[in-house]
Amino acid sequence: MADAAKTISGVFDGKLAYDAAAFKAAAETIRHRSGKAMVESFPAGSFGAPSAAKVEIDQSRGEFAALARHLESLAAALSLAADNAPDGITESMRMAPGMAMGSSSLLGKRAGSATDADPSKMPAEHVFHLILQDCTNCHAKFREKRQ
Ligand code: HEC
């Protein structure tokens, strides 16, 4: 998943040439490892060393599964975006200026929760930022920090 995220990030940063197949493969890697597959990777009793998975997963199953499913739907949207852009990153895949991530908009209130919006209607670059937020959010709560 880390490699897949690096590939996608490289494409949006212009450090990697866009290749629709490679972009889609990276999105599919994330999709296949999230959702149900991710939930099933952490069965009860699988916590503690050497795993960095916290026992909080067991105590907050609903939240963990929701994050895993949210990640899956975002990755699916990215994968579709690659189908629609065989030859290169299109303008519509780019995040519009002012579409800042984070919890508040310029108006100082939430411009609709990202969790509720339909990712297939968002620019792929924005979807990718939301993906990275899911990684961070889940790790912050459910993964042990390693030195
Ligand atoms: C729903 C929760 C969740 C989401 C979302 C999530 N992760 Fe994780 N991730 C975990 C947990 C829990 C671990 C610790 C696993 C362990 O040590 O057994 C982990 C571990 C990892 C590791 C270390 C793997 C290893 O072998 O030690 C990497 C790298 C990683 N995640 C990348 C990502 C990336 C990239 C994303 C986003 C595209 C992501 N994760 C999204 C829960 C999540």
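A 1.4 Å probe, protein heavy atoms only, puts the accessible area of Val127 near 0 Å². Apolar share of the accessible surface for region 2-142: 56 percent from carbon plus sulfur atoms, 1.4 Å probe.
The number of Lys pairs in the chain with C-alpha atoms less than 28 Å apart, excluding pairs fewer than 8 positions apart on the same chain, is 19.
Based only on the alpha carbon positions, what is the Kirkwood hydrodynamic radius of region 2-142, in angstrom?
By the Kirkwood definition, the hydrodynamic radius is 16.0 Å.
Sorting Ser51, Ser92 on solvent-accessible area from highest to lowest, probe radius 1.4 Å, gives Ser92, Ser51.
The charge dipole of region 2-142, taken about the Cα centre with unit charges on the Cβ atoms of Lys, Arg (+1) and Asp, Glu (-1), comes to about 300 debye, rounded to the nearest 20. Heavy atoms of the protein chains alone define the surface here; on that basis the chain has 60 Å² accessible area per residue at 1.4 Å probe size.
The values are calculated or read from the model by the stated rules, or taken from the named source; none is laboratory data. Please read all numbers here as calculations on a predicted model, not as lab measurements. So basically every Cβ, Gly included, is an ideal-geometry build from the backbone, and we count neighbours across all protein chains shown. Accessible surface is based on the protein model in full, side chains and every heavy atom, while ligands, DNA and RNA are left aside. Shrake-Rupley method; radii C 1.70, N 1.55, O 1.52, S 1.80 Å.
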